[in-house]
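Colleague: Pasting a structure here, questions to come.
The values are calculated or read from the model by the stated rules, or taken from the named source; none is laboratory data. Bear in mind the structure is a predicted one, so any value in this text is a computation, not a measurement. All Cβ positions, even for glycine, are placed from backbone atoms using ideal geometry, and neighbour counts span all protein chains on display.
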Amino acid sequence: MYSFEPNEEQKMLIEAIRRFAVNDLRPIAREVEENGELPINLLNKGWNLGLLQGSIPEIYGGSGERSAVTGVLAAEELAFGDLAITFALGLPGLFALPILLSGSDEQKREYLPGLVKNSWRPFSGALIENIFDFDPMAVRTTAILKGNEYVLNGEKDFVPFAKEAEAFLVYAKLDDQTQGFIVPKDLHGLLVSNEREKLMSMNALPLYCIKLEEVKVPIFNRLGGTSGHNIEPILASMRVAQAAAAVGVAKAAFEYSRDYAKDREAFGMKIAQKQGIAFMLAEMRTEIEASRLLTWEAAWKIDNEKTDAFKEAYLASVGAMDMVMMVTDRAVQILGGHGYIRDHPVEMWMRNGRGFGMFTGLAMV
């Protein structure tokens, strides 16, 4: 038997994050989406909540132990405020958490203390590739061992803060397995696109394409050392983070459209009292709760090292993709013509919802 009732420490963290999301993120979400800029002071304020620091053991400079359940609770609350800022705040985790999970002792000692002791810094991850039906278990980027170096070739899309990143964790195919490689900035052959990628949403998050042309990294830069690592725990953590963020976006859209329906009158009655609207709201809430529980269960299985954790994380992410698109689309419908204009945030949340099918690799817990 297991329970998903948060403990006291988790409740305190969730409440702090909820205040930050509601008071700091939500008011500027539209502004940062329109101007495409993330205020560094806000990133530092979010960083000071200590999410990553609390996931790193004290021996490596942190203040706690990693918990996927705590991570998904935090990701949902942050995404309720704004998705782009949520992914930006979690950016150092794309580099640190795989090292914590699968890195060698030397890699943990070298990289983790510096990451958690300083203010927010742009360390990035590069997983996604611009190919149809992209499969993280079968990436096209290659790594070939030549002497005491790995030579990387390939192209990655949607790499956050690539121009500013101090180092990347690049995933490539080695002997038909997806493996991570620590790639410092400014290596010869590492090329970052001049322009940011243009998407239909999340314009505040700077995403770039990077190319790797004969990029040489030392043999000990392979994640896990010379023996490598299993990619499944990393992907599972990425997928539950993605699912939790989808729940947060959907919850925001649901609550906004529910409150609008309870306030808006048509033909002498609140539209929330109309059967068609009421049924939509009920189904939206049902799907959100179902997706949330599936995500929590997958996170619990990750924490308890259950053999089916990888499968459950995949199911949670797939379910959340469909759920968030349905909920945000119906939120726009409930607002009618007002849902399509920028005076209301539901159209922005629907655009965010559409992207969850390709967000694997942008967040991790």
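Colleague: Inside region 66-112, counting only helices (runs of 4 or more DSSP H) that do not spill past its ends, which hold 3 or more residues that are more than 16 Å from residue 242 (Cα to Cα)?
Modeller: 91-102
Colleague: Right, something else. Does residue 187 fit the bill of being assigned by TED's automatic domain parsing to the domain that holds residue 216 and either at pLDDT 95 or above or not acidic (Asp, Glu) (or both)?
Modeller: yes
Colleague: Okay, moving on. Within region 50-66, track down each residue that is in contact with a helix residue (DSSP H, G or I) (Cβ under 6 Å, 6 or more places away or on another chain) and either hydrophobic (A, V, I, L, M, F, W, C) or closer than 13 Å to residue 364 by Cβ (or both).
Modeller: 51, 52, 56, 66
Colleague: Taking the conditions exactly as written (at pLDDT 95 or above and assigned by TED's automatic domain parsing to the domain that holds residue 51), does residue 172 satisfy them or not?
Modeller: Considered against the rule, which asks whether it is at pLDDT 95 or above and assigned by TED's automatic domain parsing to the domain that holds residue 51, residue 172 comes out as no.
Colleague: For region 113-146, name all the residues that are outside any strand (DSSP E or B), in contact with a helix residue (DSSP H, G or I) (Cβ under 9 Å, 6 or more places away or on another chain) and of a type in the set (A, V, I, L, M).
Modeller: Scanning region 113-146 gives 115, 116, 127, 128, 137.
Colleague: Right, something else. Using the structure shown, decide if residue 262 is within 26 Å of residue 139 (Cβ to Cβ) and surrounded by fewer than 18 Cβ atoms within 10 Å (Cβ to Cβ). Show your work before the answer.
Modeller: Values: within 26 Å of residue 139 (Cβ to Cβ): no; surrounded by fewer than 18 Cβ atoms within 10 Å (Cβ to Cβ): yes.
No: the conditions fail for residue 262.
Colleague: Only one residue in 173, 211, 198 is out of contact with any His (no Cβ under 9 Å at 6 or more places or on another chain) and in a loop (DSSP other than H, G, I, E, B), so which one is that? Explain how you work it out, then say what you get.
Modeller: On the way: 173 fails: in a loop (DSSP other than H, G, I, E, B); 211 fails: in a loop (DSSP other than H, G, I, E, B).
Going through 173, 211, 198 in turn, the sole match is 198.
Colleague: Right, next: Could you list, in sequence order, all residues of region 260-275 that are part of a helix (DSSP H, G or I) and closer than 15 Å to residue 332 by Cβ?
Modeller: Correct list: 260, 261, 271.
Colleague: Any idea which of (1) farther than 30 Å from residue 26 by Cα; (2) surrounded by fewer than 19 Cβ atoms within 10 Å (Cβ to Cβ); (3) of a type outside the set (D, E, K, R) is the one residue 181 doesn't satisfy?
Modeller: (2)
Colleague: Oh, and also: Can you confirm whether residue 37 is out of contact with any strand residue (DSSP E or B) (no Cβ under 8 Å at 6 or more places or on another chain), at pLDDT 95 or above and outside the structural domain of residue 195 (by TED's automatic domain parsing)?
Modeller: no
Colleague: On to the next question. Within region 101-114, can one find any residue that is closer than 22 Å to residue 165 by Cα, among the basic types (Lys, Arg) and either at pLDDT 95 or above or touching a strand residue (DSSP E or B) at 6+ places or on another chain (Cβ under 6 Å) (or both)?
Modeller: Yes: one or more hits.
Colleague: Of the residues that make up region 302-310, is at least one buried (at least 23 other Cβ atoms within 10 Å of the Cβ) and among the hydroxyl-bearing types (Ser, Thr, Tyr)? Spell out how you get there, then give the answer.
Modeller: Pass one, region 302-310, residues buried (at least 23 other Cβ atoms within 10 Å of the Cβ): 302, 309.
Still in the running and among the hydroxyl-bearing types (Ser, Thr, Tyr): none.
The answer is no; no qualifying residue exists.
Colleague: Quick test for you: out of 322, 308, 329, pick the one residue that is closer than 18 Å to residue 79 by Cα and without any contact (Cβ under 8 Å) to a residue 24 or more places away in the chain.
Modeller: Working: 308 fails: closer than 18 Å to residue 79 by Cα; 329 fails: without any contact (Cβ under 8 Å) to a residue 24 or more places away in the chain.
Exactly one residue qualifies, and that residue is 322.
Colleague: Turning to a different aspect of this structure: When region 147-166 is examined, which residues are found to be in a strand (DSSP E or B), in contact with a helix residue (DSSP H, G or I) (Cβ under 8 Å, 6 or more places away or on another chain) and surrounded by fewer than 19 Cβ atoms within 10 Å (Cβ to Cβ)? Reasoning before the result, please.
Modeller: Step one: of region 147-166, the residues in a strand (DSSP E or B) are 149-160.
Cutting the leftovers down to in contact with a helix residue (DSSP H, G or I) (Cβ under 8 Å, 6 or more places away or on another chain) gives us 149-150, 158, 160.
Listed by number, the list holds a single entry, 149.
Each row is one residue, and each column tells you yes or no for (1) over 18 Å from the mean Cα position of the chain (by Cα); (2) assigned to a helix (DSSP H, G or I).
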position	(1), (2)
299	no, yes
305	yes, no
310	no, yes
315	no, yes
321	no, yes
324	no, yes
327	yes, yes
331	yes, yes
337	yes, yes
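Colleague: I've got another one for you. Restricting the search to region 94-106, which residues are buried (at least 21 other Cβ atoms within 10 Å of the Cβ) and either among the β-branched types (Val, Ile, Thr) or farther than 19 Å from residue 235 by Cβ (or both)?
Modeller: Within region 94-106, 99 is the sole residue that qualifies.
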